[in-house]
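For reference, the structure discussed in these notes is given below.
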Amino acid sequence: MRIVVLTGAGISAESGVPTFRDSDGLWEGHRVEDVATPEAYEAQPSVVQAFYDARRSALADVVPNPAHHALAKLEEHLGDDLLLVTQNIDDLHERAGSTRLVHMHGELNSALCAACRRRTAWVEGLSDYPPCPACGSCELRPDVVWFGEIPYRMQEIEDALAEADLFVSIGTSGAVYPAAGFVQVARAYGAHTLELNLVPSEGRSMFHEARHGMAGQIVPAWVDEQLLR
Ligand code: APR
C-alpha cells in the first residue's frame, strides 16, 4: 500500500503553533499577505525578517504531538511506501522522527541566499543580515515559499501522487494551491482519498471519505488501523 500524506497547520495546532486561517484570518496578528509575499519583503524587509525570526525562536517552546508521532510510526511500518508532504515550516515532523518528508513551503530552520540561491540550515535570527556561508553576500532571507513563489520538490510530489494507492490530507484548509489540488491529482491517478481535519475543509467534497476531529486523536487512530493491515 503506497500512501502520500499531506499535512497543514492543523496538525501542529495542538502543539501550540497557531494555524493561519482560524483566527480572523490573521497569522500571529499579521495579515498573511503582509508577511508572506516577495512584495512585502521588498517593501518592509525588517518587519518580515523579525516576524520569521520570532517564529523560528518560538520552535524552542513547542514539541511534537501524538499526530506527528503517529506519522513517524507509520513511516517505520511502511518505509519507502510512505511520502509525507508538509506545508508547514515548523520542524515538528522531523523531531517526531519522520525522514521521508518534503517541506514543500520551505523551513523556518533554513536560510535562502537571495544572491546565490543556496539553502543553508539556520537556527539563528536573520534580522542582522549575516553573511551567506556559501557566497559571503549578506542577503539571507527566510527559506519560506511565499505567495507567488514555486513550492519545492513538486516533481517528486507529483510522481508519488501518481503511484499512491491512498492520499490523506491532514489539518489543512484546502485554501492554497497547488497543495489544495493534490487530492484531485491523486484521484485522477486512481488513489483512494481521505480527509482528516477538525472540520470539513473547503475541499471536502473532493475526498472519497472524511473524518473530523482533533488531529491528536484521529490521526493516531487512523495510523493504528494502517498498522493492523
Ligand atoms: N486538528 C485537526 N485540524 C485542525 C486542528 C486540529 N487540532 N486545528 C485546526 N485544524 C484545521 C482547521 O480547521 C483548518 O482547516 O487545520 C486547518 C488549518 O488551515 P490553515 O490555517 O489554512 O493552514 P494550512 O491549510 O496549512 O495553510 C496552507 O497557507 O498561509 C499559507 O503557506 C501557508 O502553508 C500555509 C498554507
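The values are calculated or read from the model by the stated rules, or taken from the named source; none is laboratory data. As the structure is a computational prediction, the values presented were derived from the model and not from experiment. Neighbour counts are summed over all protein chains in view; Cβ atoms, including those assigned to glycine, are modelled from backbone coordinates with ideal geometry. Note: accessible area is taken over every heavy atom of the protein model, side chains too, but ligands, DNA and RNA are not part of it. Shrake-Rupley method; radii C 1.70, N 1.55, O 1.52, S 1.80 Å.
Helix-only arithmetic for the chain: the sum of -39500 (n - 2.57) across DSSP H runs with n ≥ 4, divided by the residue total, places the mean residue ellipticity at 222 nm at -9000 deg cm²/dmol.
Compared with the dominant Cα axis of the chain, that is its longest principal axis, helix 215-227 is turned about 50°. Any chance you could give the angle, 0 to 90 degrees and rounded to 10, that helix 66-78 forms with the longest Cα principal axis of the chain? The angle comes out near 70 degrees.
Applying a 4.7 Å Cβ-Cβ cutoff to the chain, the cysteines left without a disulfide-compatible partner are C138. Between R153 and C138, the contour length at 0.36 nm per residue exceeds the alpha carbon distance by 2.8 nm. The accessible-area ordering, largest first, of the residues Y129, Y177, Y41 stands as Y177, Y129, Y41, per a 1.4 angstrom probe.
Take the Cα of E202, go 7 Å toward its beta carbon, and the backbone nitrogen atoms of the range 100-114 under 18 Å from that spot belong to 105.
Computed on the chain, with alpha-carbon pairs under 8 angstrom and 6+ residues apart, the relative contact order is 24 percent. About the centre of its Cα atoms, the range 51-163 shows a dipole size close to 300 debye [charges on the beta carbon of Lys, Arg (+1) and Asp, Glu (-1) only; nearest 20 debye].
Answer with one residue from A175, V144, V47: the one whose Cα lies farthest towards the positive end of the charge dipole of the chain, charges on Cβ with Lys, Arg +1 and Asp, Glu -1. Projecting each Cα onto the dipole axis, the largest value belongs to A175.
For E149, the solvent-accessible surface computed with a 1.4 Å probe is close to 50 Å², ligands and nucleic acids excluded. Note on the range 71-88 and the range 125-180: Cα centroid distance 18 Å, given to the nearest whole angstrom. Protein-only accessible surface at a 1.4 angstrom probe places the residues F167, F20 in the order F20, F167, largest first.
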